Amino acid sequence: MAHITLGNDLPGIVGLFHYRPQTARPMSELAEVLLRGDNALSRGERELIAAYVSAQNDCRFCFSSHAAFAEAQLPDGTAPVEEICANPADVPISDKMKALLDIAGAVQQGGKTVTDQQVAAARAAGAADVEIHDAILIAAAFCMFNRYVDGLAAFTPDDPADYKVMADRIVEVGYLGALPMR
């Protein structure tokens, strides 16, 4: 049960956005740019970063939703997102993604924990500066989103099918298309 009366029973950040649509728009615009805008990283890879940070923050709603969003957009044959998030060093993903997830994990601990060595490793693995920038910004944004959802104790569904429905909607219409209509 949420810490405040939301006036809806919608899950996670969706319920919070319906409660406060004034904050929903700018937060959704940020998510749209970071996770769906033009980028050298695929949408699935960017969702994977969001899911990874959410897993590190133990935000079950954000992890479950963004894991579903990533799985819906990553190529067939990709290891399950849960496995990747549990131990990215030991799964068959690109060295570039491993390095970017390492940086994202450092950001989750605190911005000053990102090291020159991590950035150099990402560059050596083929990451462009804009990809490093975006991985850091995705990680920072998801620390905020995770704390927003968990700080207000937003409803978190238990059924994985609920997250599949959300994934289908995000893939189809994006973050701005899923905004509450008020």
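The values are calculated or read from the model by the stated rules, or taken from the named source; none is laboratory data. Here the structure is a predicted model, which is why all the values come from computation and not from measurement. Every residue, glycine among them, receives a Cβ derived from its backbone with ideal geometry; neighbour counts consider all protein chains shown. Accessible surface areas use protein heavy atoms only, side chains included; no ligands, DNA or RNA. Shrake-Rupley method; radii C 1.70, N 1.55, O 1.52, S 1.80 Å.
Among the helices (runs of 4 or more DSSP H) confined wholly to segment 74-182, which include 3 or more residues that are within 17 Å of the chain's Cα centre (by Cα) and within 16 Å of N57 (Cβ to Cβ)? So that I can check it myself, show each step before the final result.
Working: elements: 81-86, 95-109, 116-124, 129-151, 160-177.
Because the criterion is at least 3 residues that are within 17 Å of the chain's Cα centre (by Cα) and within 16 Å of N57 (Cβ to Cβ), the helices (runs of 4 or more DSSP H) in segment 74-182 that meet it are 81-86, 95-109, 129-151.
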Of D102, D58, which residue is closer than 14 Å to I138 by Cβ, of a type in the set (D, E, K, R) and modelled with pLDDT of 95 or more? D102
Would you be able to say whether some residue in segment 5-22 is among the acidic types (D, E), touching a residue at least 12 places away in the same chain (Cβ under 8 Å) and assigned to a helix (DSSP H, G or I)? no
Among A161, A178, which is open to solvent by 20 Å² or more (accessible area, probe 1.4 Å) and closer than 23 Å to E45 by Cβ? A178
Any residue at all in segment 132-144 that's more than 16 Å from R43 (Cα to Cα) and touching a Gly at 6+ places or on another chain (Cβ under 9 Å)? yes
Out of segment 27-70, which residues are open to solvent by 50 Å² or more (accessible area, probe 1.4 Å) and in a loop (DSSP other than H, G, I, E, B)? D38, A40, D58
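Scan segment 134-153 for residues that are of a type in the set (G, A, S), surrounded by fewer than 24 Cβ atoms within 10 Å (Cβ to Cβ) and on the phi < 0 side of the Ramachandran plot and jot them down.
Residues of segment 134-153 that are of a type in the set (G, A, S), as a first pass: 135, 139-141, 151, 153.
From the residues that got through so far, the ones that are surrounded by fewer than 24 Cβ atoms within 10 Å (Cβ to Cβ) too are 140-141, 151, 153.
Across segment 134-153, the qualifying residues are A140, A141, G151.
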Only one of S65, S42 that is hydroxyl-bearing (S, T, Y), under 20 Å from L176 (Cβ atoms) and in contact (Cβ under 8 Å) with a residue 60 or more places away in the chain: S65
Among (1) in contact with a Lys or Arg (Cβ under 8 Å, 6 or more places away or on another chain); (2) over 26 Å from P11 (Cα atoms); (3) open to solvent by 30 Å² or more (accessible area, probe 1.4 Å), Q73 falls short only on (2)
Cβ-Cβ below 8 Å, separation at least six or inter-chain, first residue in segment 104-116 and open to solvent by less than 60 Å² (accessible area, probe 1.4 Å), second part of a loop (DSSP other than H, G, I, E, B): which pairs? A106/V114; A106/T115; V107/V114; Q108/N57
